[in-house]
Amino acid sequence: MATAIVQWIDSDYCPEGAEKMRNEPDKVDWVRVMPFVILHLGCFGILWVGVSAFAAWAAVFLYFIRMFAVTGIHHRYFSHKTYSTSRAGQFFLALWAGTTVQRGSLWWAYHHRHHHQHSDEEEDAHSPHVHGFLWSHIGWITSRRNFPTDYSKVKDLAKYPELVWLNRFDLVVPIAYAFSMYGLGALLERYAPGLGTNGWQMLVWGFFVSTTALFHGTACINSMAHLMGKRRYNTTDDSRNSFILAIICLGEGWHNNHHRYQSCTRNGFYWWEIDPTYYGLKLLSYTGLIWGLKSVPQSILDEGMRADHAKSVAASERAEEVHGNTSLRQVLPAAAAIAVATATAAHAELPKKADGPAIHKDLSSELVKPNNPAAPDSGDRVI
């Protein structure tokens with residue numbers, strides 16, 4: 001218990017050794033995860049502080065601005081280095097990412113790189129196929145074995161002591177962020193009372209509610225992006241593309257794309273795949289804070305287009321097999337033949353005109369007979 005309490009403050013405190021902890025079986029450490037539990041319980045504070053339009057919209061805004069930090073900084077910079085920045089810019093990005101309350105950037109990058117190395121395999125800490133949905137969504141983060149950061153897997157980042165410090169004392173930025181929310185609310189209560197908010201309300205909505213929603217939005221990529229959606233690329237895992245998750249997580253829903261090629265800045269490979277994180281990073285590049293955004297190779301784009309075309313053809317052929325010889329399509333020509341025959345018979349009973357012979361045309365050769373392979377099929381498609 002003492003070790004877990006110290007780890008609230010110093011995440012690198014491992015008196016028995018980090019490697020030993022990582023080799024432990026999965027088990028929830030309730031003492032160590034108590035701050036995580038408190039984060040969720042804090043959401044119930046809305047019962048006491050109430051809600052104002054300003055606080056609610058602030059929570060939404062802070063969700064997306066910090067989701068951008070998760071996707072654009074924790075993920076696309078620290079985990080994959082898909083663009084470049086200066087050392088000062090890197091520190092600023094790490095501070096921004098720290099407000100997401102998802103541990104330090106080095107811990108985040110280590111686990112994500114490990115995920116790609118063992119995706120949907122036994123060693124993948126949050127594979128829904130191996131460990132089940134609930135564990136992949138939230139359980140894995142409560143296990144002792146997943147607490148330590150393996151700095152040997154993030155050597156490119158661990159050489160910066162300021163990043164290691166932020167990673168080691170990963171509660172510093174979240175606590176500062178929580179105090180800033182309270183302070184903002186107190187200032188608004190005093191100088192803009194018309195907004196109807198205060199310090200406690202902004203703390204609950206801007207920190208607890210927004211951060212909890214942010215965690216579960218991020219966790220959906222671990223759990224749901226390997227279960228729902230479509231697969232364009234034939235990767236070794238079960239990663240999938242989902243438009244819904246792309247909206248919730250600012251472009252991270254194009255997960256199958258990402259698992260096919262991890263080194264590009266954008267996850268939405270094609271113009272019609274919405275990727276707000278990429279758009280934001282592109283805007284940041286105009287400020288000079290970041291640069292060198294990596295594009296998707298043309299060979300990867302061509303591979304995806306070929307895969308999409310092949311799947312469209314396959315789907316068309318399956319539809320043709322299912323619907324090509326349905327009873328309805330067989331009944332319609334027969335019904336047409338009966339209708340024509342009836343009309344012909346009725347016409348034959350009418351008296352002929354005196355000024356000329358009746359005109360009779362044999363339509364039997366023009367009728368489309370069922371199961372006639374030579375007959376044209378209105379369902380045929382040209383591809």
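Here is how the numbers come out for the structure above:
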read-out: Scan of segment 5-18 for residues that are touching a residue at least 40 places away in the same chain (Cβ under 8 Å) and not aromatic (Phe, Trp, Tyr), ordered by number; value: GLN7, ILE9, ASP10, SER11, ASP12, CYS14, ALA18
read-out: Check on ALA310, part of a helix (DSSP H, G or I) and at pLDDT 60 or above; value: yes
read-out: Subset of segment 201-246 (residues that are under 30 Å from LEU184 (Cα atoms) and of a type in the set (A, V, I, L, M)); value: MET202, LEU203, VAL204, VAL209, ALA213, LEU214, ALA219
read-out: Long-range neighbours under 7 Å by Cβ, at least six apart or interchain, first residue over 12 Å from PHE215 (Cβ atoms) and among the aliphatic types (A, V, I, L, M) within segment 29-42, second at pLDDT below 95 and not in a helix (DSSP H, G or I); value: VAL31/MET1
read-out: Residue within segment 68-78 that is polar (S, T, N, Q) and either touching a strand residue (DSSP E or B) at 6+ places or on another chain (Cβ under 9 Å) or surrounded by 17 or more Cβ atoms within 10 Å (Cβ to Cβ) (or both) present; value: yes
read-out: Unique residue being touching an Asp or Glu at 6+ places or on another chain (Cβ under 6 Å) and not aliphatic (A, V, I, L, M) when the list is PHE78, PHE36, PHE64, PHE91; value: PHE91
read-out: Check on THR265, part of a helix (DSSP H, G or I), in contact with a helix residue (DSSP H, G or I) (Cβ under 8 Å, 6 or more places away or on another chain) and on the phi < 0 side of the Ramachandran plot; value: no
read-out: Count of segment 7-34 residues which are loosely packed, with under 12 Cβ neighbours inside 10 Å and either acidic (Asp, Glu) or in a helix (DSSP H, G or I) (or both); value: 2
read-out: Sole exception among (1) surrounded by fewer than 22 Cβ atoms within 10 Å (Cβ to Cβ); (2) modelled with pLDDT of 95 or more for THR236, by number; value: (2)
read-out: Lone unmet requirement of (1) over 18 Å from ARG66 (Cα atoms); (2) touching a residue at least 60 places away in the same chain (Cβ under 8 Å); (3) not polar (S, T, N, Q); (4) not in a loop (DSSP other than H, G, I, E, B) for LEU281; value: (1)
read-out: Wholly within segment 70-133, helices (runs of 4 or more DSSP H) carrying at least 2 residues that are within 29 Å of ILE175 (Cβ to Cβ); value: 87-98, 105-117
read-out: Counted residues, segment 193-207 - those being part of a helix (DSSP H, G or I), touching a residue at least 40 places away in the same chain (Cβ under 8 Å) and surrounded by fewer than 23 Cβ atoms within 10 Å (Cβ to Cβ); value: 2
read-out: Positions within segment 284-299 being loosely packed, with under 14 Cβ neighbours inside 10 Å and more than 28 Å from ASN256 (Cβ to Cβ), in sequence order; value: TYR286, THR287, GLY288
read-out: In segment 61-120, residue nearest to MET181 (Cα to Cα) [restricted to those that are β-branched (Val, Ile, Thr) and in contact (Cβ under 8 Å) with a residue 12 or more places away in the chain]; value: THR99
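The values are calculated or read from the model by the stated rules, or taken from the named source; none is laboratory data. A quick note: this is a predicted structure, and the numbers were derived from the prediction, not measured. Heads up, the Cβs are rebuilt from the backbone with ideal geometry, glycines too, and the neighbour counts pull from every protein chain shown.
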